Amino acid sequence: MNPNGNIPSLFSQIFSGELFHLSWQGIFLYILQIIILAYFVFILYWRVIRGTPSERAVNGIIILIPVIVCFYIFKLYIFIKLFELFSPAIFLGLVVLFAPEIRRFLSNLGRDGFGWLNLLTWVKTSNIPRGEEATTVKEVIREIIDAVENFSRNKIGSLMVFDNTWSDRLYINSGRKLDAVVSTELLLNIFYPKSPLHDGAVLIRNKRVYAASVILPITENPKLNPWQYGTRHRAALGICEISPSSLCLVVSEETGSISIAEAGKISKISSIEELTALLEIKLLNMES
């Protein structure tokens, strides 16, 4: 088997049976390479791509791979030729599509050296500093509710995102990492109109204020009434469309009304009691 060929020719060699003419050592080396490559791809997807705007594109590619394999299994020569013809443009398009992730990887590698490769392990460090006790979900909710009441009463716009599954890569470049204890005073200071961090969203992750001033993607839903939903509401819907596990809490700067966005839908909250009950259910589920 020619190891210097491109991906389409490699497919052809595999499915033509040439692989089985190798020695057992050759077959073992190819299988080992495939396993290592699959591991790295999966870990990079899980730790870097998952929860970012590129996740949908990756999911689409995963769906297409079995289709391409079927071309070679059933010897659909017309489709094979088309794939081989357009494969250079396809791979160039993938490089352009994932340019932000590639640039981020190289930037982190240049900054942290090969210590950044710790991302390729399953080990995750705790977000809670040593010696600091974990805050309960109900205590976190109480601090948030006090801040939201203040925002609503004084018509201070705010956007908070709750999600324990997002990839770190989504915020590091767009916002400021804080990793601080959730408190009413901290939230009031972040969203104070003259604060340098008041634009963007606050990410609350694992019961801590993980990042602030995070820029979220705006929904492209054409059915939304622009007079009813402002930029914060559209950003809340946008991230919920990309990350279905997210829960967004929005306070309108114009009216002081409180809204919750989840699973691509947004609804107004009629009372603080309703908001408290909803947050208790949602945040406790995230912790379980």
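The values are calculated or read from the model by the stated rules, or taken from the named source; none is laboratory data. None of the values given here were measured: they were computed from a predicted structure. With ideal geometry, Cβ positions are generated from the backbone for all residues, glycine too; neighbour counts draw on all protein chains shown.
Sort out which residues of segment 252-288 are among the polar types (S, T, N, Q) and either under 18 Å from Arg153 (Cβ atoms) or touching a Gly at 6+ places or on another chain (Cβ under 8 Å) (or both), and write them in order of number.
Ser252, Thr255, Ser257, Ser259, Ser270, Ser271, Thr276
Among the listed residues Ser252, Ser245, which satisfies the condition of being modelled with pLDDT of 90 or more and polar (S, T, N, Q)?
The match here is Ser252.
Would you mind finding the one in Ile218, Ile239, Ile281, Ile272 that is closer than 22 Å to Lys177 by Cα and surrounded by fewer than 18 Cβ atoms within 10 Å (Cβ to Cβ)?
One residue alone meets the criteria, Ile218.
For Lys268, all conditions in the list (1) more than 19 Å from the chain's Cα centre (by Cα); (2) touching a residue at least 12 places away in the same chain (Cβ under 8 Å) hold save one; what is the number of the exception?
(2)
Among the candidates Arg50, Arg56, single out the residue that is modelled with pLDDT under 70 and basic (Lys, Arg).
Matching residue, one of Arg50, Arg56: Arg50.
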